[in-house]
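I have placed the structure first, in the form of structure tokens, so that the comments after it can refer back to it.
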């Protein structure tokens, strides 16, 4: 047997069942602590492989703790070959269903699905049942369920749960940095307003329209 410290509180799954989706402010704090924990594990060459709300403990002190390392994997030390698919289906990365070995991006995918679920109450690709062969196409935008979410947060979540692992965050620290930047981060593919791109053209158009309106008023 072994002795563990007791922390008053409950899992985030229990908290969600009692209170529903997290407010954005509380969600950001949970996300920050979760990504810090995942980053620490990955720097020590440990993959958790079962990140989900049931394995996150929210203490009465506000501290988020990552639980249950029964499926943890250490590349080069653990033997995972030949084992059946491990983890909870809705949180398993698409490439794992194809037989790809465990990787940090699979943990980050699970963290992304966890955080997506905690703020929307849904899963990005729908709930995946045991023994199901899921099809991953396009993740649902979280704004579909939470229209109040800022655009940058929507983009971060969609990147975290991208079906293609190459499109996800490379490290927990990369995502954490973007969360800390918040609305100051630049969104790829976001067109700049015409006033920023061609201010002279805009003001010439405004002046011309103003002149035409004044001429029409004089004629009238």
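With 99, 112 as the choices, which residue is in the same structural domain as residue 35 (by the TED database) and in contact (Cβ under 8 Å) with a residue 40 or more places away in the chain? Outline the logic, then answer.
Numbers: 99 fails: in contact (Cβ under 8 Å) with a residue 40 or more places away in the chain.
None of the others qualify; the one that does is 112.
Filter the range 147-179 for residues that are in a helix (DSSP H, G or I) and in contact (Cβ under 8 Å) with a residue 60 or more places away in the chain; which is surrounded by the most Cβ atoms within 10 Å (Cβ to Cβ)? Explain how you work it out, then say what you get.
Residues of the range 147-179 in a helix (DSSP H, G or I): 151-160, 165-167, 172-179.
Filter again for in contact (Cβ under 8 Å) with a residue 60 or more places away in the chain, leaving 153, 165, 172-173, 175-176, 179.
Numbers: 153: 24, 165: 18, 172: 22, 173: 15, 175: 26, 176: 19, 179: 16.
For the range 147-179, the residue satisfying everything is 175.
Determine which member of the set 51, 119 is crowded, with 22+ Cβ neighbours inside 10 Å and not in a helix (DSSP H, G or I).
Result of the check over 51, 119: 51.
Consider residue 136 carefully, then state whether it is in a loop (DSSP other than H, G, I, E, B) and modelled with pLDDT of 95 or more.
Considered against the rule, which asks whether it is in a loop (DSSP other than H, G, I, E, B) and modelled with pLDDT of 95 or more, residue 136 comes out as no.
Among the listed residues 106, 83, which satisfies the condition of being at pLDDT 95 or above and either surrounded by fewer than 21 Cβ atoms within 10 Å (Cβ to Cβ) or in the same structural domain as residue 32 (by the TED database) (or both)? Break it down into steps so the answer makes sense when it comes.
Values: 83 fails: at pLDDT 95 or above.
Exactly one residue qualifies, and that residue is 106.
The values are calculated or read from the model by the stated rules, or taken from the named source; none is laboratory data. Predicted model only: the values in this text are computed from it and were never measured. So basically every Cβ, Gly included, is an ideal-geometry build from the backbone, and we count neighbours across all protein chains shown.
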